[in-house]
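Student: This is the structure I have questions about; it appears just below.
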Amino acid sequence: MSWKPEIDELRKREKLAHAMGGQENVERHKSRGKMTVRERIENLLDKNSFHETGAVAGKAEYDNDGKIKDFQPTNVLIGRGKIDDRKVIICADDFTVRGGAGNRESMEKQVYSELMAHELKLPLVRLVDGTGGGGSVTSMDDKGYAYVPVNPAWNHVVSNMGRVPVVAACLGSVAGLGSARVAASHFSVMVEDISQMFIAGPLIVKYGMGQDLTKEELGGSQVHRSSGAIDNVVKTEQEAFKAIKNFLSYLPGNVWKLPPIVETNDSSDRKEEELISIIPKNRRQPYKIRRILQMVFDKESIFEMGQHCGGDTVTGFARLKGHPVGFLANDPLVGGGGLSVKGCQKIERFVDLCQTFHLPIINFVDQPGLTIGLAAEEQGLIRHGVRAISTIYQATVPMVEIILRRVYGVGGAGMINGHGLHLRYAWPSGDWGSLPIEGGLQVAYRRKLEESENPQMLLEELASKFESFRSPLRTATAFGIEEIIDPRDTRPLLCEWVEDVYELLPELLGPSMHSMRP
């Protein structure tokens, strides 16, 4: 006796599930410039690599003979697939069914995807396009009571942050639990025009706060480009998928593996002549830090994260001789490179990310210190600064410091654990101390300046005297800095360093004591 009738019934239901929310809903969805959930999966994953789990989960209606007459699939698709021939778990919302709002079946599938990533130790990709929550208000009519909410699978959501790479894309109007699913990731991306993200939508905000805002005004890309809730903003869904692939290419599949090394034709001995003069002699004149990064790292290997949030600090991944690394750099074009609250938060989050997945860190330092003034004090900047510095000190991944110019104050001193054996290389443009001489003289010699008959002349004499003291060569003579290098030698030295430290990384494999929080 054959089981073919049952298989035929299964295939029938799978076909119904592939219709998603029906032709009318699908056409309405696509008219907004959005891909369907199955198109998204097809564009993100390697061809024919998607193996769906729970394909026929949903709500079915039957006729008197017990045969199915109507079927509505769940609005969440989950399964396994491959990105660049590496396995991942995917959880994708279908907005054409119930507008992306969750129910019991969709919640169970979300939970299962988190469990799969956790137990199989595979990266998790969430494509979020809806609220993701059922809502106690609508459920009360069915149940006759309200429930005490529990965030579904949040034990695994939190645990996965310390086990496997988690990536989330905001691909529609996302609210409540949906927003939390985007934020609870190592990397998040949203698409201009079609994506909005908020804790509560415009109607609730209008009722509760009296603010009459559109979805775009409340949580569009112009809000989250610099809010810190989203890492990167792109123009199209295809660009979002490319960003996801790029991000994952730098990371191991889980914390028990090493970051993947790739082949490169870029010579480790490459020395860029431009580096010898890229830092201006005039200390008040800025320069373009990203140009320096491009000349040091493997060509076309830089992946920047959070460019528009905490702009005083540049963070991202790159490669040296094909080896993935993380980098921190100060941007003197934004607030002189001084650390802001968002800059400190950015450092903390990124260093924890590198620590979680064992990526060595290169810190390009031109740090005038924590931003000063009333606004900084009102924002409690010193606490955020101490948190960022503590994160650097707690990190056990190999770290190297390239001092480009300034190292001043608590902020500058905290850019590397100065009590451990972390290599430091200074460029001849190095300029350091507890305070810059220009302002420090006013404080240190305040009484003498007040008593002087010609305070301006005395100040100029003191400045001339101390100018010779600030030479980095004097510091090197006292072994206050280990090496001053020709800037053109930076890449060869770092390529040698990265090969050495990758030999040490196996000692760090496994979960970190300081894994990344969202």
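The values are calculated or read from the model by the stated rules, or taken from the named source; none is laboratory data. Since the model is a prediction, treat every value here as computed from it, not as a measurement. All Cβ positions, glycine included, derive from the backbone under ideal geometry; neighbour counts span all protein chains shown. These area figures cover heavy atoms from the full protein model, side chains too; ligands, DNA and RNA do not enter into them. Shrake-Rupley method; radii C 1.70, N 1.55, O 1.52, S 1.80 Å.
Student: Out of Val255, Val182, Val174, which single residue is in a loop (DSSP other than H, G, I, E, B), farther than 19 Å from Leu45 by Cβ and open to solvent by less than 30 Å² (accessible area, probe 1.4 Å)?
Tutor: Val255
Student: Follow-up question, since we're still on this one. Restricting the range 1-39 to residues that are surrounded by 11 or more Cβ atoms within 10 Å (Cβ to Cβ) and hydrophobic (A, V, I, L, M, F, W, C), which is farthest from the chain's Cα centre (by Cα)?
Tutor: By that ranking, first place goes to Leu10.
Student: If you scan the range 193-203, which residues turn out to be surrounded by fewer than 16 Cβ atoms within 10 Å (Cβ to Cβ) and not aliphatic (A, V, I, L, M)?
Tutor: The one that is surrounded by fewer than 16 Cβ atoms within 10 Å (Cβ to Cβ) and not aliphatic (A, V, I, L, M): Asp193.
Student: Here is a follow-up. For the structure I just gave you, tell me whether Asp352 is open to solvent by less than 10 Å² (accessible area, probe 1.4 Å), in contact (Cβ under 8 Å) with a residue 24 or more places away in the chain and within 25 Å of Tyr250 (Cβ to Cβ).
Tutor: no
Student: Within the range 147-163, how many residues are assigned to a loop (DSSP other than H, G, I, E, B), within 17 Å of Cys91 (Cα to Cα) and of a type in the set (A, V, I, L, M, F, W, C)?
Tutor: Total satisfying the criteria: 2.
Student: Here is a follow-up. Could you run through the range 470-492 and say how many residues are open to solvent by less than 20 Å² (accessible area, probe 1.4 Å) and of a type in the set (Val, Ile, Thr)?
Tutor: Going through the range 470-492 one residue at a time, the tally reaches 3.
Student: Test Ala55 against the criterion of being of a type in the set (A, V, I, L, M) and within 30 Å of Gln196 (Cβ to Cβ), and give yes or no.
Tutor: Here the answer is yes, as Ala55 does meet what is asked.
Student: Here is a further query. Take the residues of the range 399-428 that are in a loop (DSSP other than H, G, I, E, B) and at pLDDT 95 or above: which is surrounded by the most Cβ atoms within 10 Å (Cβ to Cβ)?
Tutor: Within the range 399-428, the match that is surrounded by the most Cβ atoms within 10 Å (Cβ to Cβ) is Trp427.
Student: Sticking with this one: Could you figure out which of (1) open to solvent by less than 70 Å² (accessible area, probe 1.4 Å); (2) outside any loop (DSSP other than H, G, I, E, B); (3) among the basic types (Lys, Arg) isn't true of Lys206?
Tutor: Lys206 satisfies all of (1) open to solvent by less than 70 Å² (accessible area, probe 1.4 Å); (2) outside any loop (DSSP other than H, G, I, E, B); (3) among the basic types (Lys, Arg) except (1).
Student: Can you confirm whether the range 282-304 contains a residue that is open to solvent by 10 Å² or more (accessible area, probe 1.4 Å) and hydrophobic (A, V, I, L, M, F, W, C)?
Tutor: yes
Student: Among the residues of the range 267-281, count how many are in a loop (DSSP other than H, G, I, E, B) and either without any contact (Cβ under 8 Å) to a residue 40 or more places away in the chain or exposed (fewer than 14 other Cβ atoms within 10 Å of the Cβ) (or both).
Tutor: Selection size over the range 267-281: 4.
Listed here are the residues, each with its yes/no results for (1) under 32 Å from the mean Cα position of the chain (by Cα); (2) part of a helix (DSSP H, G or I); (3) under 30 Å from Arg181 (Cβ atoms).
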{"site": "Ala463", "(1), (2), (3)": "no, yes, no"}
{"site": "Leu473", "(1), (2), (3)": "no, yes, no"}
{"site": "Pro492", "(1), (2), (3)": "yes, yes, no"}
{"site": "Cys495", "(1), (2), (3)": "yes, yes, no"}
{"site": "Pro506", "(1), (2), (3)": "yes, yes, no"}
{"site": "Pro511", "(1), (2), (3)": "yes, no, yes"}
{"site": "Met516", "(1), (2), (3)": "yes, no, yes"}
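Student: Which one of Asn48, Asn64 is under 26 Å from Val191 (Cβ atoms) and open to solvent by 50 Å² or more (accessible area, probe 1.4 Å)?
Tutor: Asn48
Student: Related question: Sort out which residues of the range 220-252 are in contact (Cβ under 8 Å) with a residue 40 or more places away in the chain, small (Gly, Ala, Ser) and either surrounded by fewer than 16 Cβ atoms within 10 Å (Cβ to Cβ) or closer than 21 Å to Arg181 by Cβ (or both), and write them in order of number.
Tutor: Ser227, Gly228, Ala229, Ala240, Ala243
Student: Another question, then. I'd like to know if the range 326-342 contains one or more residues that are assigned to a helix (DSSP H, G or I), out of contact with any Gly (no Cβ under 8 Å at 6 or more places or on another chain) and open to solvent by less than 10 Å² (accessible area, probe 1.4 Å).
Tutor: Yes, the range 326-342 has at least one match.
Student: How many residues are under 24 Å from Gln238 (Cα atoms) and outside any helix (DSSP H, G or I) when one looks only at the range 1-21?
Tutor: Summing the residues that are under 24 Å from Gln238 (Cα atoms) and outside any helix (DSSP H, G or I) in the range 1-21 gives 3.
Student: Let me ask something else about it. How do the pairs read when you match residues in the range 24-39 that are at pLDDT 90 or above with residues anywhere that are β-branched (Val, Ile, Thr) and part of a helix (DSSP H, G or I), using Cβ under 8 Å and keeping only pairs 6 or more apart or on different chains?
Tutor: Close Cβ pairs (under 8 Å, with a partner that is β-branched (Val, Ile, Thr) and part of a helix (DSSP H, G or I)) amount to Thr36/Val26.
Student: Out of the range 475-490, which residues are in contact (Cβ under 8 Å) with a residue 60 or more places away in the chain and outside any loop (DSSP other than H, G, I, E, B)?
Tutor: Scanning the range 475-490 gives Pro487, Arg488, Asp489, Thr490.
Student: Applying the selection to the range 380-398, what residues are under 17 Å from Gln345 (Cα atoms), exposed (fewer than 15 other Cβ atoms within 10 Å of the Cβ) and among the polar types (S, T, N, Q)?
Tutor: Within the range 380-398, Ser390, Gln394 meet the criteria.
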